[in-house]
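Visitor: Please find one structure pasted underneath; my questions will follow.
The values are calculated or read from the model by the stated rules, or taken from the named source; none is laboratory data. Because the structure is predicted, anything quoted here is derived from the model rather than measured. In this analysis, Cβ positions are derived from the backbone assuming ideal geometry, glycine residues included, and neighbour counts consider all displayed protein chains.
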Amino acid sequence: MKLEKLLFIHIPKTAGLSLNHELKNVFGKYSSIRFGDHTSVQKFRRLSEDEIKNYKYITGHIPLQEFRDRGIDYPVLTIIRDPVDRFLSMYKYLLESEHPDHRNLNFTNIEDFIKYVKQNKESNVQCQFIGGDQTCFNTLKKIKREKIYVVPLIYLMI
């Protein structure tokens, strides 16, 4: 069975760029689009449903429901990571990053980062991206109902 279209929900800090590179090779550069930073996510929100559906392979740091709301009903793949490993990786990345989207973030220690995560309700981003909220129960129901392919990072050999 050949997969004609794919939506890859790229949860930040789950090795998504590595997998994206491989998937872009499979689907082709001109049949693929990625929404990975604030500017490109805003571009996604301005595109029409037809413009988005011109691509066979779509990925980005955008929750699944936002794609569904735009009529993207492609089969879904996502990678999940141990939450503690993901949290620490995000902390390290934000400390060292010079990315323009992170200019206003000032963490001097992990305690500040924990406060930021709690204040911004980002404590369970993986469930938010897949299920739309922070509860694993709704996420698991959605995975089963929509047949979402979920791959734990530890099983990928990228």
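Visitor: Based on this model, can you work out whether D85 counts as modelled with pLDDT of 85 or more, surrounded by fewer than 18 Cβ atoms within 10 Å (Cβ to Cβ) and not basic (K, R)?
Guide: Considered against the rule, which asks whether it is modelled with pLDDT of 85 or more, surrounded by fewer than 18 Cβ atoms within 10 Å (Cβ to Cβ) and not basic (K, R), D85 comes out as yes.
Visitor: What number of residues within segment 45-69 satisfy the criterion of being buried (at least 20 other Cβ atoms within 10 Å of the Cβ) and of a type in the set (S, T, N, Q)?
Guide: Number of matching residues: 1.
Visitor: Could you look through segment 146-158, keep only residues that are part of a helix (DSSP H, G or I) and surrounded by fewer than 12 Cβ atoms within 10 Å (Cβ to Cβ), and pick out the one that is modelled with the highest pLDDT?
Guide: Selected residue: I154.
Visitor: Name, by its number, the condition in (1) out of contact with any strand residue (DSSP E or B) (no Cβ under 9 Å at 6 or more places or on another chain); (2) within 21 Å of G36 (Cα to Cα); (3) at pLDDT 80 or above; (4) charged (D, E, K, R) that does not hold for K121.
Guide: (3)
Visitor: Within segment 42-56, which residues are in contact with a helix residue (DSSP H, G or I) (Cβ under 9 Å, 6 or more places away or on another chain), part of a loop (DSSP other than H, G, I, E, B) and under 21 Å from F129 (Cβ atoms)?
Guide: Correct list: Y55 only.
Visitor: Okay, moving on. Condition test on T14, is it buried (at least 18 other Cβ atoms within 10 Å of the Cβ), out of contact with any Phe, Trp or Tyr (no Cβ under 7 Å at 6 or more places or on another chain) and part of a loop (DSSP other than H, G, I, E, B)?
Guide: Against the criterion (buried (at least 18 other Cβ atoms within 10 Å of the Cβ), out of contact with any Phe, Trp or Tyr (no Cβ under 7 Å at 6 or more places or on another chain) and part of a loop (DSSP other than H, G, I, E, B)), T14 qualifies.
Visitor: Something else now. Mind listing whichever residues of segment 136-145 are modelled with pLDDT under 90 and within 20 Å of D69 (Cβ to Cβ)?
Guide: Within segment 136-145, N138 is the sole residue that qualifies.
Visitor: List pairs: first residue in segment 136-153 and within 24 Å of N20 (Cα to Cα), second residue in a loop (DSSP other than H, G, I, E, B) anywhere in the structure, Cβ distance under 6 angstrom, at least six positions apart or on different chains.
Guide: Close Cβ pairs satisfying both conditions: L153/T14; L153/A15; L153/R81.
Visitor: Is there any pair with a first residue in segment 43-70 that is free of Cβ contacts under 8 Å to residues at least 60 places away in the same chain and a second that is assigned to a loop (DSSP other than H, G, I, E, B) and among the charged types (D, E, K, R) whose Cβ atoms are under 7 Å apart and which are 6 or more apart or on different chains, and what are they?
Guide: Close Cβ pairs satisfying both conditions: E49/R70; I52/R70; K56/E4; K56/K5.
Visitor: Here is a follow-up. Can you report the number of residues in segment 23-41 which are in contact with a helix residue (DSSP H, G or I) (Cβ under 7 Å, 6 or more places away or on another chain) and exposed (fewer than 14 other Cβ atoms within 10 Å of the Cβ)?
Guide: Of the residues in that region, 1 qualify.
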